[in-house]
Amino acid sequence: MPPFASYLRVYEPLIAFERARQQHWRRYLAANRAVPQALGPARQRRTVLEALGAGWTKLPELPDEAYSVTDGEVTLVCPWDLRVQVAQGVLSARRGVPAALADAFVPPALTAVAERVVADWRTAADPLGDLRTGGAALTEHDQLLHELVSGWVVPARWFAFVEYDERRAGLAPTERHVRYRTSMARARRRAHRALAVMRRTVGEHAPMTLAVENDARWLEKFHPRSVVELDYGGLVYLMGDRELLDDDSPRVVADTLAALARGDTDAAGELYSDLLERWRKVQLRERRN
């Protein structure tokens with residue numbers, strides 16, 4: 001069973017990477033090593049738990065894996081960057097939690113390692129040595145995470161980057177999934193349109209506006225010929241077939257933004273409340289035992 005999380009991914013063409021990384025991913029793809037999206041989240045979790053060890057005191061090198069998709073005749077990759085993702089997750093898990101409780105769940109030894117990993121990554125140190133850049137400093141592009149993760153829910157703002165007609169769904173027992181894929185150009189255009197509406201109607205400093213702005217800036221840093229994917233991940237196992245087939249969250253978000261743009265705040269509020277309630281029912285299943 002995959003983790004109960006959703007994902008926003010960016011797949012980039014190989015030309016987006018520096019030469020050593022291009023060669024690495026070409027060899028990786030030629031060896032048919034790319035991990036299917038349906039298997040990736042569970043494999044990520046298993047790999048991380050095995051690497052952390054029983055006492056969660058270490059954060060060793062993790063496999064340099066990636067997802068891949070084909071856009072026309074071009075193959076694109078979405079690197080996992082697992083070590084950095086885990087380090088960021090460790091630090092995020094401690095925020096806003098009393099120290100004693102945080103230490104019980106995330107040992108201080110692991111926290112110290114995570115802080116070093118994130119600090120090295122942010123200062124363009126090369127954590128993977130010759131495998132990545134032959135010992136050279138990382139570029140700003142090398143410091144990009146290609147996958148954002150949200151536990152137990154799909155953030156409403158992510159639906160602003162895709163359209164309902166871009167949905168790909170499969171409800172077979174062997175592979176259950178709901179994914180949206182779109183071009184980077186469309187995702188950026190939609191993100192900036194949503195941001196403009198929210199700045200004008202909700203306010204520049206509203207938390208949701210800032211969150212959309214942050215994601216819009218993230219999208220801008222990738223190659224323009226990239227592909228953006230919104231994946232419901234393991235959340236599809238918390239939802240019934242009819243619930244998934246009837247889900248039209250991208251349309252609801254689009255209608256909400258349209259209502260805001262024309263000044264109909266009542267309609268916008270009602271639409272958004274209905275959307276939040278829909279996903280709250282999924283999110284509350286975290287508390288079931």
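The values are calculated or read from the model by the stated rules, or taken from the named source; none is laboratory data. Note that the structure is a prediction, hence the values are computed from the model and not measured. All Cβ positions, even for glycine, are placed from backbone atoms using ideal geometry, and neighbour counts span all protein chains on display. We work out accessible area using only protein heavy atoms, side chains counted, and drop any ligands, DNA or RNA first. Shrake-Rupley method; radii C 1.70, N 1.55, O 1.52, S 1.80 Å.
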_Selection within the range 184-208 - part of a loop (DSSP other than H, G, I, E, B) and either in contact (Cβ under 8 Å) with a residue 40 or more places away in the chain or touching an Asp or Glu at 6+ places or on another chain (Cβ under 7 Å) (or both)_ = Val202
_For the range 43-59, give me each residue that is touching a residue at least 12 places away in the same chain (Cβ under 8 Å) and surrounded by fewer than 15 Cβ atoms within 10 Å (Cβ to Cβ)._
Gly55, Thr57, Lys58
_When you scan the range 211-220, do you find a residue that is open to solvent by less than 10 Å² (accessible area, probe 1.4 Å), more than 19 Å from Val153 (Cβ to Cβ) and either in contact (Cβ under 8 Å) with a residue 60 or more places away in the chain or within 15 Å of the chain's Cα centre (by Cα) (or both), even just one?_
yes
*asked:* Out of the residues in the range 71-94 meeting the condition of being small (Gly, Ala, Ser) and part of a helix (DSSP H, G or I), tell me which one is surrounded by the fewest Cβ atoms within 10 Å (Cβ to Cβ).
replied: Ser92
*Working only within the range 256-272, note down all residues that are more than 24 Å from the chain's Cα centre (by Cα) and in a helix (DSSP H, G or I).*
Ala258, Ala259, Leu260, Ala261, Thr265, Asp266, Ala267, Ala268, Gly269, Glu270, Leu271
*Output the residues belonging to the range 164-195 that are open to solvent by 50 Å² or more (accessible area, probe 1.4 Å) and small (Gly, Ala, Ser).*
Ala169, Ala185
*Output the residues belonging to the range 239-255 that are touching a strand residue (DSSP E or B) at 6+ places or on another chain (Cβ under 9 Å) and in a helix (DSSP H, G or I).*
Asp241, Leu244, Leu245, Pro250
*the range 223-238, subset crowded, with 21+ Cβ neighbours inside 10 Å and assigned to a loop (DSSP other than H, G, I, E, B), residue farthest from the chain's Cα centre (by Cα)*: Ser226
*Of all residues in the range 1-33 being open to solvent by less than 10 Å² (accessible area, probe 1.4 Å) and of a type in the set (D, E, K, R), which is nearest to Ser150 (Cα to Cα)?*
Arg9
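In the range 1-51, which residue that is assigned to a loop (DSSP other than H, G, I, E, B) and closer than 20 Å to Met239 by Cα is modelled with the lowest pLDDT? Steps first, please.
To start, the set of residues in the range 1-51 that are assigned to a loop (DSSP other than H, G, I, E, B) comprises 1-4, 17-18, 31-39.
Among the residues that remain, those that are also closer than 20 Å to Met239 by Cα are: 1-4, 37-39.
Working: Met1: 80, Pro2: 90, Pro3: 93, Phe4: 95, Gln37: 95, Ala38: 93, Leu39: 95.
The selected residue is Met1.
When you check Glu73 against the structure, is it of a type in the set (D, E, K, R), in contact (Cβ under 8 Å) with a residue 60 or more places away in the chain and over 22 Å from Val236 (Cα atoms), yes or no? Show your work before the answer.
On the way: of a type in the set (D, E, K, R): yes; in contact (Cβ under 8 Å) with a residue 60 or more places away in the chain: no; over 22 Å from Val236 (Cα atoms): yes.
Here the answer is no, as Glu73 does not meet what is asked.
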_Asp165 - would you say it is within 24 Å of Val90 (Cα to Cα) and either part of a helix (DSSP H, G or I) or modelled with pLDDT under 75 (or both)?_
no
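Going through the range 60-70 one residue at a time, which ones are part of a strand (DSSP E or B) and either hydroxyl-bearing (Ser, Thr, Tyr) or open to solvent by 30 Å² or more (accessible area, probe 1.4 Å) (or both)?
Residues of the range 60-70 that are part of a strand (DSSP E or B), as a first pass: 66-70.
Scanning the range 60-70 gives Tyr67, Ser68, Thr70.
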